[in-house]
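Undergrad: Mind looking over this structure? Questions follow.
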Amino acid sequence: MNSKEKKIEVTFFPYGKKVTFSHFLNLKKAILKAGIPFSFPCGGKGICGKCKVKVRGNVTPLTVIEKEKLSVREIEENYRLACQTGLKGDTQVEILLSDSVFSPQILTTWKKEEFEVKSPVKKIYLSIKPPDIKDQISDVSRIRRELKKRGFDDLKIGIEVVKKIPSVLRENEFKVTVVIDDNEIICIEGKDTRKESFGIAFDIGTTTIVGALLDLTKGKVIATKGIVNPQSVYGYDVISRISYIQQKGKKGISELQKAVILGVNRLIDNLLKEANIDKSKVYKIVFVGNTIMQHILVGIDPVNIGLYPYVPVIQEFIKLKSFNLKLRVNPFADVFVFPNIAGFIGGDTVGVILSTGIHRAKGKNILAVDLGTNGEIVLSSKGKIWATSTAAGPAFEGVRISQGMMAQKGAIERVKIEDGRIFVKVVGDVEPEGICGSGLIDAVAELHKEGVIDDSGKITPRDMQKDIWKERVLEEEERKFVLVEKNGYPIFITQKDVRELQLAKAAVSTGIKILLKKTGIKPGDVQQVFIAGGFGSYLNLQNACNIGLFPLFPRAEVKNIGNAALHGAIKALLSQRYIEEVKKIPYLVSSVELATHPEFQNVLAESIRF
Ligand code: FES
């Protein structure tokens, strides 16, 4: 067998995914071919030094660039730059997930005063009289007796909590804090810990997971973090994940469940570390996500959602304890998973409805659009609510874009062209490293206006461009337009990036148009439009309309509301009243199937063009 025929097996950790390649190749190519979520900010030119991985196996020696970019310690610990490393034989590659946790730019237009902060988690401090020969009641009864004096009676208590009581009482001279949630004693802690009460809200997206750590007593967000959903190695969309489970059966569900929990736990560790909070003080977790993500999170088989007639296993909310999911918080913390509306309209849409209050607005025609890998669209009119979902792909989240990144420090979030000059705004006002969804929309809209991109979405050949743009058009393997240069390397938009955005915007705009047709509401009748998504605060609505992402709503007030699904989860974390509303919302909404509409294919085809 000559060297060209030798097969190379590459195992990617922590996913455990094994991929066999039939020839020698560069690790960057192997990562891309394996579908591992990973970013190469300088496009693999060896300039940024950001594509670090840990490698064990048969690989090419360190390059001069790597010796420059990696520290001595990193070299000793087998760190390599993926774009500089060649694979010669079987190799194990560790993708450094903790390094990829980012601080997302989350739009916080909501004000604490606008909603109720009344956490269902209660902490009661007790200074208890110790037992003596005249007062021999049990430890548990002793605690109950004190709680009754404070108005708490008939509380449940689990055996694992009971086991800890004797030592906690005696080590703390019978001065303890009892943590109560939903009529259950979930924990007993030594001393007075009333000020320390925390919860975490998660939005489990197909592409990203975002978590917000909250102080439950003050109703304040302390930290937010995001990560690429580790399930992405099993496919970028929900359908490919369902297919994986179809092939692998129970093992597939367990693999995907472990992957999402791995991501959630990484976020928990990072959030708590940043805020210097002990995991035992996190008593409540709320999850929102699409129906498939929520099914997999709790280990329920989602396969039937992908098969006609697209039925979920469960619609109602799920409640469990954090130890059931092996979350790294207080093991008895309550975990609340939002209810689903339908197979492709999940808890994240319920979160958007709760966040915007659409379910309580009776008189107005209101549209809410949540832009993610699946675009969810909700329309409310005269007390009725309809919702639908459309497969947009991950372009709005900066994924599968050649130099794409999430809306985080270093991402180009705005692009403007004036008098032949290109201006960019970068999150955190630092040097640009890549481009996020809002930047991509701006860039494509502005380049279309300039004629660099034609109505069909094609980047015009260099020799047909206006003189001022000629030198920015690179006729390489794929045509590219250079937006800016950072330290000598270009940040560009490729032809494929434009195509990805076209598919995403066509899917969303088709969803909106068909939903309006089905309900008989005209764009001119819509009075309020909410645009939600993980863009941060800077989605340029005019540019979004210019590329045809939204039809024109001539009489509507249009508002960017950021990650509304997460905001819905935050509200539910802070008040039982919102939890009760959440439970009812799915039954107020009619789901609309887009693909069965006779005009669907035509509208979709028309919506691709600019
Ligand atoms: S150094 Fe490898 S992508 Fe920049």
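Undergrad: Step by step: first the residues of the stretch 69-78, then only those that are away from the ligand (no atom under 15 Å from the Cβ) and outside any helix (DSSP H, G or I), then the one that is modelled with the highest pLDDT. Which residue is that?
TA: Ranking the candidates gives Asn78 first.
Undergrad: Moving on. Taking the conditions exactly as written (closer than 16 Å to Ile435 by Cβ, part of a helix (DSSP H, G or I) and of a type outside the set (A, V, I, L, M)), does Lys496 satisfy them or not? Write out each step before concluding.
TA: Details: closer than 16 Å to Ile435 by Cβ: yes; part of a helix (DSSP H, G or I): yes; of a type outside the set (A, V, I, L, M): yes.
Here the answer is yes, as Lys496 does meet what is asked.
Undergrad: Filter the stretch 499-528 for residues that are surrounded by 23 or more Cβ atoms within 10 Å (Cβ to Cβ) and in a strand (DSSP E or B) and give the result.
TA: Result: no residue meets the conditions.
Undergrad: If you go through the stretch 108-120 one residue at a time, do you hit one that is part of a strand (DSSP E or B), closer than 24 Å to Gly211 by Cβ and modelled with pLDDT of 80 or more?
TA: Yes: the stretch 108-120 contains one or more residues that are part of a strand (DSSP E or B), closer than 24 Å to Gly211 by Cβ and modelled with pLDDT of 80 or more.
Undergrad: Can you name every residue in the stretch 23-68 that is closer than 17 Å to Tyr79 by Cα, more than 8 Å from the ligand (Cβ to nearest atom) and part of a helix (DSSP H, G or I)?
TA: Leu27, Ala30, Ile31, Val64, Glu66, Lys67, Glu68
Undergrad: Quick test for you: out of Pro331, Pro339, Pro312, pick the one residue that is in contact with a Gly (Cβ under 7 Å, 6 or more places away or on another chain) and closer than 30 Å to Glu160 by Cα.
TA: Working: Pro331 fails: in contact with a Gly (Cβ under 7 Å, 6 or more places away or on another chain); Pro312 fails: closer than 30 Å to Glu160 by Cα.
Exactly one residue qualifies, and that residue is Pro339.
Undergrad: Looking only at the stretch 130-156, how many residues end up being without any contact (Cβ under 8 Å) to a residue 12 or more places away in the chain, in a helix (DSSP H, G or I) and more than 13 Å from Glu184 (Cα to Cα)? Please lay out each step first, then the result.
TA: Of the residues in the stretch 130-156, the ones without any contact (Cβ under 8 Å) to a residue 12 or more places away in the chain are 131-138, 141, 144-145, 148-149, 151, 153.
Those still in the list that are in a helix (DSSP H, G or I) too: 141, 144-145, 148-149.
Restricting the remaining residues to those that are more than 13 Å from Glu184 (Cα to Cα) gives 141, 145, 148-149.
Here the count works out to 4.
The values are calculated or read from the model by the stated rules, or taken from the named source; none is laboratory data. Just so you know, these numbers come straight off a predicted model, no measurement behind them. Positions of Cβ are backbone-derived with ideal geometry, glycine not excepted, and every protein chain shown enters the neighbour counts.
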